[in-house]
Amino acid sequence: VFCPSGAHVSPGAPLRSAVRMAAVPLSRAELDFTLRALQTEGVRVDGRELTACRRLGIRFGAAHGEVEVSFGPTRALAVCSGEIVAPPPERPNEGRISFHVEFGPIASPSFEPGRPSPHATSVANLIERLIKGSRAVDAEALCIVGGQQVWSIRVDVRALDDDGNLGDACAIAALCSLLHFRRADVETQGGAAKVHSAEDRVPVPLSVHHLPVPVTYALFAPPAAGKRRKAGPTWVLDPNRLEEAAMSGTLCLAVNQHGELCGVHKPGGMPLDISVIRHCTELAVTRAKEITGWIQAELTADLAVREKARRNVHQLFAAESLLTVDAVSASHAPRGPSAAAVKDLAPAGSATPSAAPAPAGSALRGRKRVAGAA
């Protein structure tokens, strides 16, 4: 779990309480209290600073392409899959990438089952413009045989819990799912393509150029006349469910790990001065670098775990207990018969190989010594 600097989130029971309270309807008194605290005192109801974010959690599934992302109690699940299809005539050398978002009653009672809600359609369009519009994924690398076969990548995102800023959670989940997904290796010979299974060849990842990360702000109009008026509107980073219900507008800035601005999304609401947008962009650059760094660290850790699980089975045993080729060859090498075996097999009166005849010179010297003694 990752907690950026400045975030005041206590682990344990408060988080579980927030998950249980995420589906409770809001009252008018709560909205008025939230709005008054922000406009007059600059205080958030959950105790965070205006520029503080909730802790980010990333959990990968057993299969490649399954990712769950959480912003505090807000959770979203993304699953990436791929299949080989025929390309459209207008783009014969590019693969397909599609995103589907579903908001159901499991996330919030305000979401209805059945057909996609307007909010879900808006988030799906945002993710598509964010990833496909910035060309984060190389579509030409998904082509197998030009005009005949291409990869079709589909990302299904489902909201699990909604406690605010669900769009950012869904977008980051879709991005992590694309990074974690592995497609089957394909070998082309002429106009034919052969798809190798995961047992034959290691699946290959998608070609992702950069990581556009959305950073969303909630905008609040200054207080009315007669109250203390600030120089400009109040804005908070990573709004929760109460702040989203009371806000006057929203601003989403997409920044990649290189600090480049990839997109700006402002669906209506109150107007903003260019100085406010510049200041929000500077904060978004810092926030995006933190998120992309954490994503890369989690991907590296998951890859290390999978590589450890795929290690050679012989590494589970000691070196001296392994049967090697040299040991097998030595055990099957031809050996000569022993001296005892030769003695048993030799006929009576015959000399054994161990009783070799003495040289002639030694016998002659023996006779001379006997004659001298006589």
With the structure loaded, tell me whether residue 159 is free of Cβ contacts under 8 Å to residues at least 60 places away in the same chain, within 19 Å of residue 121 (Cβ to Cβ) and buried (at least 22 other Cβ atoms within 10 Å of the Cβ) or whether it fails that test.
no
The correct count of residues that are of a type in the set (Gly, Ala, Ser) and open to solvent by less than 40 Å² (accessible area, probe 1.4 Å) in segment 104-156 is 10
When you go through (1) touching a helix residue (DSSP H, G or I) at 6+ places or on another chain (Cβ under 9 Å); (2) open to solvent by 70 Å² or more (accessible area, probe 1.4 Å); (3) farther than 24 Å from residue 180 by Cα one by one for residue 45, which number turns out not to apply?
(2)
Does segment 106-128 hold any residues that are under 27 Å from the mean Cα position of the chain (by Cα) and either in a loop (DSSP other than H, G, I, E, B) or of a type outside the set (S, T, N, Q) (or both), and which are they?
106, 107, 108, 116, 119, 120, 123, 124, 126, 127, 128
Taking segment 54-72 only, how many residues are touching a helix residue (DSSP H, G or I) at 6+ places or on another chain (Cβ under 9 Å), open to solvent by 10 Å² or more (accessible area, probe 1.4 Å) and in contact (Cβ under 8 Å) with a residue 24 or more places away in the chain?
8
Residue 123 fails exactly one of the following numbered conditions: (1) out of contact with any Gly (no Cβ under 6 Å at 6 or more places or on another chain); (2) closer than 21 Å to residue 240 by Cβ. What is the number of that condition?
(1)
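Which strands (runs of 3 or more DSSP E) sit wholly inside segment 166-285 and have at least 3 residues that are open to solvent by 40 Å² or more (accessible area, probe 1.4 Å)? Can you show your working first?
Values: elements: 186-189, 192-195, 213-220, 234-237, 249-255, 261-265.
Passing ranges, in order: 186-189, 192-195, 261-265.
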Does residue 78 meet the test of being open to solvent by less than 70 Å² (accessible area, probe 1.4 Å) and either in contact with a Phe, Trp or Tyr (Cβ under 9 Å, 6 or more places away or on another chain) or within 28 Å of residue 283 (Cα to Cα) (or both)?
yes
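The values are calculated or read from the model by the stated rules, or taken from the named source; none is laboratory data. Remember, it's a predicted structure, so these values are computed and weren't measured experimentally. Positions of Cβ are generated from backbone atoms using ideal geometry, with glycine treated the same way; all protein chains shown enter the neighbour counts. Note: areas computed on protein heavy atoms with side chains; ligands, DNA, RNA excluded. Shrake-Rupley method; radii C 1.70, N 1.55, O 1.52, S 1.80 Å.
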